[in-house]
Structure formats: C-alpha cells, structure tokens
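Single-structure report; data block below.
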Amino acid sequence: MRIFYDCEFIEDGRTIDLISIGMTAEDGREYYAVTYGEPWLQVIGKHDWLLANVVPSLPVNAEPVPTRGGGSWVWVTWDRDHADWPCAKSRKTIADEVREFILATPDPSLWAWYGAYDHVALCQLWGPMASLPKGVPMWTNDLKQEAQRLGNPRVPEQGPGGHNALADARHDRVIAGFLAGIKA
C-alpha cells in the first residue's frame, strides 16, 4: 500500500533539519507533525523562502525585528493557540509515530514529489541509514520521476495550502491518481 508524504525542512547544503512531516496512506489514514525543540526555530527567520512559504502554515508567530543597519530579520516563536499546536512534538515522538504509521501499513511503499531530500529527512528521524527501523522502506519512489517516465505531462496544480507538509502529501496522492490514469 502506498504512503504519500512530504517533509518541510531547513537545509544549508550540509545538513537537512526536519521542520514538519505529513503522510497520507491509501487507506485514508493521515499523520502530521512539526518538530518541537529543534534548531530550525532559531534560524528560520533568516530564510526568506521558508518565511514566505512554510512558516504561514506552522503553529508559530513571526515578528520582524529591525537591525542596526536598517534591515530586519524575523523572530519566530511558538503559537500555543494555533490549531496545529498539538502537532508540535519532539523528534523522538515523531520518529516513533512515523514508524508506527508506516508499520501499520501492509507492504508499505513511500511516494513523494521530488522526494530525495524528503527521504533523507525521513530517514534521519532514526539517525544514520543503518538505524532505519525494520519494515520502513529504504527508498522513496519519486512521483516526478514517474511523471517524466510518462512523458512529463502537466500534473494537477495544488490549491491553497502549498508547503504545508500534510497538504502537500495529500496533493502527492492526487498526482499519483492522475499519473495512474495516464498509464491506463
């Protein structure tokens, strides 16, 4: 059974730190979590793309702070009144819950859109690749690669909510259905 997933992360060319993960299985189960207590909260305020695209869907507040040179950076803090605040969890809790989600899926296969970094972020929940729990797939099937194999058709566009990990995982499922129709 396929599990579609997406990770939002912050990366600097050397490390990939998970911000959030969303998963949806073909049987209708879903999972969403935001890493709480991770270093991304202290550095995300310097990343314009993440501030514009990812932060609006997270349970955080973002406040511009002026600098002496006339510029500004953004101070990001947790918003315990946000609807998704209960999804803010420790990395260990997320690792345990994601493992259980995957292992509760018969013959799981992982699918993502441009999934290389997503797979690394997922695997790093448990440390190095050698620590991947038994039963968790060692690879992610890439929907973009599948689209390319099928002649690179224009896939359905995502509506509001892009760059929210769960909304993106749900959209990956839509893309997979679209691509399956092309094969027929």
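Points to keep in mind about this one:
- Among residues of the range 7-34, those that are within 15 Å of Val174 (Cα to Cα), more than 9 Å from the chain's Cα centre (by Cα) and in a strand (DSSP E or B), counted: 3
- Close pairs (7 angstrom Cβ cut-off, 6 or more residues apart or separate chains): under 17 Å from His119 (Cβ atoms) in the range 138-158, assigned to a loop (DSSP other than H, G, I, E, B) anywhere: Met138/Leu132; Thr140/Gly115; Asp142/Tyr114; Asp142/Gly115; Leu143/Trp113; Lys144/Trp113; Lys144/Tyr114
- The residue that is surrounded by the fewest Cβ atoms within 10 Å (Cβ to Cβ), among those in the range 116-137 that are without any contact (Cβ under 8 Å) to a residue 40 or more places away in the chain and not hydrophobic (A, V, I, L, M, F, W, C), is Lys134.
- Ala167 vs. criteria surrounded by 16 or more Cβ atoms within 10 Å (Cβ to Cβ), over 14 Å from the mean Cα position of the chain (by Cα) and at pLDDT 95 or above: no
- Residue match in the range 38-50 (condition: out of contact with any Lys or Arg (no Cβ under 7 Å at 6 or more places or on another chain), surrounded by 11 or more Cβ atoms within 10 Å (Cβ to Cβ) and basic (Lys, Arg)): yes
- The C-beta contact set for the range 86-108 (first residue in contact (Cβ under 8 Å) with a residue 24 or more places away in the chain and within 11 Å of Tyr31 (Cα to Cα), second residue buried (at least 16 other Cβ atoms within 10 Å of the Cβ) and of a type in the set (Ser, Thr, Tyr), distance under 7 angstrom, 6+ apart or interchain) comprises Cys87/Tyr32; Ile94/Thr35; Glu97/Tyr31; Val98/Tyr31; Phe101/Tyr31.
- Close pairs from the range 50-77: first within 22 Å of Asp168 (Cβ to Cβ) and assigned to a strand (DSSP E or B), partner among the aromatic types (Phe, Trp, Tyr) and modelled with pLDDT of 90 or more, Cβ under 8 Å, at least 6 apart: Val60/Trp78
The values are calculated or read from the model by the stated rules, or taken from the named source; none is laboratory data. On a predicted model such as this, the values are computed, not experimentally measured, just so you know. Every residue, glycine among them, receives a Cβ derived from its backbone with ideal geometry; neighbour counts consider all protein chains shown.
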